[in-house]
């Protein structure tokens, strides 16, 4: 059978590609957040009254949050792409089943009686 709904297949593939792009971009952003906060935290002058490890703690927190958000976006985009492919598979299977049912119905209506008409059933015995 021919493949239908080409645009939906393209959209499903684009969502999967977007999922991978968002994951890679999110990982890079998470490491960027960690790096910038570590460099910025350790380069603060001591007169601001902040402990030097404050930038490191903020960087680790930002890193983990960025990583978590990247994974959530990846799962969401990839799930949407797979959902589109699921609907397309359901449509294909339903169409194939409809064709099969029609062919079975056509085959059953072509069977004809070969021979004479069968005799009528015997009458029931008389009741007493």
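Where a number appears in this text, it was derived from the coordinates with a stated rule and is not lab data. All values reported here derive from a predicted model rather than from experimental measurement. FYI the Cβ positions are ideal-geometry reconstructions off the backbone, even for glycines, and counts take in every protein chain you see.
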Item to check | Cα-projected label distance for residue 86 with residue 31, points at 7 Å along beta-carbon direction, nm | outcome: 3.3
Item to check | Added length on full extension, which subtracts the Cα-Cα distance from 0.36 nm per residue, residue 38 to residue 128 | outcome: 21.8 nm
